[in-house]
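See structure below.
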Amino acid sequence: MSSLDLSPDRLAICRFDAGSPVPVWAVQAQFFSITRTPQELSIVCTESAVPADLERVERGWRSLRVQGPLDLSLTGVLASLAAPLADAKIPIFALSTFDTDYVLVREETLQPAITALVRADHVVREPEAPMLVKLSWRLPNNTRFGAHFEARAHAYEAEQDRWIVTFENLVWMTSDMPAAVVERVRALLGKWARVPNEARFGMTLPLKFETLAGRPRFFYDTDPRG
């Protein structure tokens, strides 16, 4: 099992002819890696540093860094990351340094990549990235209403494919709800819950109205893991 840190920066992968000089903008980037071979000059760097008119470039990559330093005698670290991503059909671009390994994935595959890695028992730390959890209920009069919360993910339970979260910010709720219902929804701030992994991808979670009163139990005052 590896622990990985997700960088908040978008990266770009650039290719130049073998004899090309290293451009100044590349070495001024916050993150850069340069590889020169007899066939090419390859540069990976922070996307914002790359000129807009550069032709041979792939933009929109995100970096997952294995927490190191790693002993150079270790084997199988990169393979343990590449295998679950390959099973999920997610292409990667790998970099290695003296201290550790980096796995780059395209931004549009980032969340499926994180899910695949977590399911393979790796730990991914995201930089202050709240999860938007969408909830909906049906009132006794059959009227449906909903609320969206920013939630902080604390742990992933692989067997049930779900996250333990706390609700930190109410960002939206249906207008014209009865005052008593509004009060119950607002009371969810600070509560804990277990939400299925699909919530990370925008799925609205339909709940029984009774969950707002704790029957059945869905929301907790403290960490439900005890």
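The values are calculated or read from the model by the stated rules, or taken from the named source; none is laboratory data. All figures in this text were calculated on a predicted structure; none of them were measured in a lab. All Cβ positions, glycine included, derive from the backbone under ideal geometry; neighbour counts span all protein chains shown.
Can you name every residue in region 64-84 that is touching a residue at least 40 places away in the same chain (Cβ under 8 Å) and not charged (D, E, K, R)? Quick ask: steps written out before the conclusion?
Going residue by residue through region 64-84, those that are touching a residue at least 40 places away in the same chain (Cβ under 8 Å) are 64-67, 77, 80-81.
Of everything in region 64-84, those that are touching a residue at least 40 places away in the same chain (Cβ under 8 Å) and not charged (D, E, K, R) turn out to be L64, V66, Q67, V77, S80, L81.
Counting the residues of region 200-212 that are more than 13 Å from F149 (Cβ to Cβ), at pLDDT 90 or above and part of a loop (DSSP other than H, G, I, E, B) gives 2.
Please pick out the residue among T222, T204 that is polar (S, T, N, Q) and without any contact (Cβ under 8 Å) to a residue 40 or more places away in the chain.
Just one listed residue meets the conditions, T222.
Can you tell me which residues in region 134-173 are hydroxyl-bearing (S, T, Y), surrounded by fewer than 16 Cβ atoms within 10 Å (Cβ to Cβ) and free of Cβ contacts under 8 Å to residues at least 60 places away in the same chain?
First, pick out the residues of region 134-173 that are hydroxyl-bearing (S, T, Y): 136, 143, 156, 166.
After this cut, where a residue has to be surrounded by fewer than 16 Cβ atoms within 10 Å (Cβ to Cβ) as well, the list is 136, 143.
Passing the criteria: only T143.
Among the residues making up region 115-148, those that are hydrophobic (A, V, I, L, M, F, W, C) and within 13 Å of L205 (Cβ to Cβ) are M131, L132, V133, L135, W137, A147.
Given the options P38, P51, P69, name the one that is out of contact with any Gly (no Cβ under 8 Å at 6 or more places or on another chain) and either closer than 29 Å to A120 by Cα or assigned to a strand (DSSP E or B) (or both). Can you show your working first?
Values: P38 fails: either closer than 29 Å to A120 by Cα or assigned to a strand (DSSP E or B) (or both); P51 fails: either closer than 29 Å to A120 by Cα or assigned to a strand (DSSP E or B) (or both).
Going through P38, P51, P69 in turn, the sole match is P69.
Restricting S20, S2, S33, S7 to those that are under 18 Å from V103 (Cβ atoms), at pLDDT 95 or above and surrounded by 11 or more Cβ atoms within 10 Å (Cβ to Cβ) reduces the list to S33. In region 122-139, the residue that is farthest from A82 (Cα to Cα) out of those that are at pLDDT 85 or above and not in a strand (DSSP E or B) is L139. The residues of region 102-112 that are of a type in the set (A, V, I, L, M, F, W, C) and either at pLDDT 95 or above or assigned to a strand (DSSP E or B) (or both), listed by number, are V103, L104, V105. Here A199 meets each of (1) within 16 Å of L132 (Cα to Cα); (2) among the aliphatic types (A, V, I, L, M); (3) free of Cβ contacts under 8 Å to residues at least 24 places away in the same chain with one exception, condition (3). On the stretch given as region 85-101, residues that are assigned to a loop (DSSP other than H, G, I, E, B) and not aliphatic (A, V, I, L, M) total 6. Inside region 83-101, residues that are at pLDDT 95 or above, under 25 Å from S42 (Cβ atoms) and either under 17 Å from the mean Cα position of the chain (by Cα) or exposed (fewer than 15 other Cβ atoms within 10 Å of the Cβ) (or both) make up a count of 8.
Just to be sure before I move on: is I92 more than 13 Å from R200 (Cβ to Cβ), in contact with a Leu (Cβ under 9 Å, 6 or more places away or on another chain), touching a residue at least 12 places away in the same chain (Cβ under 8 Å) and assigned by TED's automatic domain parsing to the domain that holds I34 in the structure I sent? Considered against the rule, which asks whether it is more than 13 Å from R200 (Cβ to Cβ), in contact with a Leu (Cβ under 9 Å, 6 or more places away or on another chain), touching a residue at least 12 places away in the same chain (Cβ under 8 Å) and assigned by TED's automatic domain parsing to the domain that holds I34, I92 comes out as yes. Here the strands (runs of 3 or more DSSP E) wholly within region 141-199 that include at least 2 residues being hydrophobic (A, V, I, L, M, F, W, C), closer than 17 Å to I114 by Cα and under 18 Å from the mean Cα position of the chain (by Cα) are 144-157, 162-173.
Against the condition within 27 Å of L110 (Cβ to Cβ) and loosely packed, with under 13 Cβ neighbours inside 10 Å, how does S42 come out, does it pass? Give the derivation first.
On the way: within 27 Å of L110 (Cβ to Cβ): yes; loosely packed, with under 13 Cβ neighbours inside 10 Å: no.
Answer is no for this residue.
Filter region 144-159 for residues that are at pLDDT 90 or above and of a type in the set (A, V, I, L, M, F, W, C); which is nearest to M131 (Cα to Cα)? Going through the qualifying residues, I end up with A151.
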